[in-house]
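Here the structure is laid out as structure tokens; the discussion comes afterwards.
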Amino acid sequence: MSQGTLFVSSSPRTLSARSIVEHFNLDVEIVDIKTTAHKDFEAKFPLHQCPSFLGPKGLRLTETPAILTYLIDLLSEKDQKILFGATPAEKIQVLRWHSVGNTNLPSIIASNYFMAAGLSPYNKKTFDANMEKLENYAKFFEERLKDYTYVATENVSVADIQCICAWGFAFSSICGADFRKNHPYLTRWFNTVIASPIVAKTMADVKVVEEPLRYTPPKKEKKEKKEKKEQQPKKKEEKKEEKPAEAAPEKKPKHPLELLGRSTFVLDEWKRKYSNEDTRPVALPWFWEHYNPEEYSLWKVEYKYNDELTLTFMSNNLIGGFFNRLTGSTKYMFGAMVVYGENNNNGIVGVCMVRGQDAVPAFNVAPDWESYSYTKLDPTNEEDKEFVNNMWAWDKPVVINGENKEIVDGKVLK
């Protein structure tokens, strides 16, 4: 009797479960949803995410840890102890390092890969911030691997398998030879694990790159010169009785902030500067040199219901949704908001600049704008000015009730 169907995709997150099935010759059908249509997948997995597992008696599983646990329970006790740890202490470490390889690390790598490959909008600030986070992860691995062969136990465990999938994605795209040279213990571990029989087949197509993938702006297409049409002699029009001209109806402004007219501070120029230059040394000094507080005001924006937030990536998605609903006002504003803290203990805060001296006309285009509080900042106050710098640079912790909270993610409104 078949032990089930494993649905996979090109995502590195699916490689660990696939490795277990293939190496141990489990009676599990592997279906790549990118190449094979399967009636059960969309019908029984409404999230349409991979990996997903359809087992006997209608069993349906999503999420890598759950699927791996089910698959490894099908193995011998000896193999289970190797993969999941033989002692309580080892099991805890395996779970810990498996989580490292299955949560923020692959998300950071994927985000920068999509930007560098031109598959999502490129933002230099976000890209550089992600590379700093990736550097911190590399140092975290180095600290463990300078004294140990593997990340959790003395064998290749599911922790190594999951982590190798993430780093394999990085080393084959955004992390080149220089990165690997700067992290010798991580590189040694990578070469050791990728050669192990349990992942050798599934990781066979992973080829490390010498030069990292870099974003290349698309070339601007030259506009073809329109051929001038030959001017035809105008026909003489018969004179008609002139009627008194009716007064043209006054055009209503598309947005209330349009009534304020054009400002001397060029917002689009600032957005380009922020996106393409280093924030602290270049962009922020330029901003304060050109900023006109009579034309634009600065606002501290805080989410009112931080106690309801759970996972940090969901909080970041909340910011993204809010910014998407502000589309009608983006011509008149700029800002950045961050998620600080950790899973099940995090918050949202940021700084936005809006045209004029009132926050409401800019923000009330979003249906959920009242879920946030708005506090006007004084650019002549050094404390307020530093808060703006920190919220737009993302390089310092957020201070909440006197306690430093690390920034884990964020979004930019441009």
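Residues in the range 344-352 carry Karplus couplings, in order, of 6, 7, 9, x, 10, 8, x, 10, 10 Hz; the curve used is 6.51 cos²θ - 1.76 cosθ + 1.60 with θ = phi - 60°, and Gly or Pro positions show x. Computing Cα Rg over 2.2 N^0.38 Å for the structure here picks out one of (i) 1.10; (ii) 0.99; (iii) 1.27, namely (iii). In this structure, the amide hydrogen of residue 8, modeled 1.01 Å from its nitrogen in the peptide plane, lies closer than 5 angstrom to those of 31, 32, 33, counting only residues at least 5 positions away or on a different chain. Note on the chain: GNM, Cα springs under 10 Å; of 303, 148, 113, the largest mean-square fluctuation is that of 148. About the centre of its Cα atoms, the range 1-84 shows a dipole size close to 160 debye [charges on the beta carbon of Lys, Arg (+1) and Asp, Glu (-1) only; nearest 20 debye].
Length gained on full extension, residue 96 to residue 77, computed as 0.36 nm times the residue gap minus the Cα-Cα distance: 4.7 nm.
Along its principal axes, the range 127-188 has C-alpha extents of 34, 20, 19 angstrom, given from the largest down. Excluding residue 360 itself, what net charge comes from residues whose Cβ is under 13 Å from its Cβ, given Lys and Arg +1 and Asp and Glu -1? Combined, the nearby Lys, Arg, Asp and Glu give 0.
Each residue of the range 387-402 was assigned a 3J(HN,Hα) from its phi angle through the Karplus expression (A = 6.51, B = -1.76, C = 1.60, θ = phi - 60°), giving 5, 4, 4, 5, 5, 9, 9, 6, 10, 9, x, 8, 8, 10, 6, x Hz with x at Gly and Pro. Karplus-based coupling profile of the range 85-91, in residue order and whole Hz: x, 9, 10, x, 5, 5, 4, with θ = phi - 60° in 6.51 cos²θ - 1.76 cosθ + 1.60 and x standing for Gly or Pro. Comparing Cα centroids, the range 338-414 and the range 281-313 end up 5 angstrom apart. For the range 337-414, the solvent-accessible area of protein heavy atoms averages 47 Å² per residue (probe radius 1.4 Å; ligands and nucleic acids excluded).
Taking the mean number of other Cβ atoms within 10 Å as a proxy for protection, how do you rank 363-376, 309-322 from highest to lowest?
Working: 363-376: 14.9, 309-322: 17.4.
Those peptides, ordered most packed to least, come out 309-322, 363-376.
Rounded to the nearest 500, what is the chain's calculated 222 nm mean residue ellipticity when only DSSP H runs of at least 4 contribute -39500 (n - 2.57) each, over all residues? Don't skip to the end; give the middle numbers.
On the way: 16 runs with 163 residues, N = 414.
Here the helix-only value at 222 nm equals -11500 deg cm²/dmol.
In a simple Cβ point-charge model (Lys, Arg +1; Asp, Glu -1; nothing else charged), the chain has a dipole of about 1780 debye relative to its Cα centre.
The values are calculated or read from the model by the stated rules, or taken from the named source; none is laboratory data. In this text the structure is predicted, and so the values were computed from the model without any measurement. Backbone-built Cβ (ideal geometry, glycine too); neighbour counts: all protein chains shown. We work out accessible area using only protein heavy atoms, side chains counted, and drop any ligands, DNA or RNA first. Shrake-Rupley method; radii C 1.70, N 1.55, O 1.52, S 1.80 Å.
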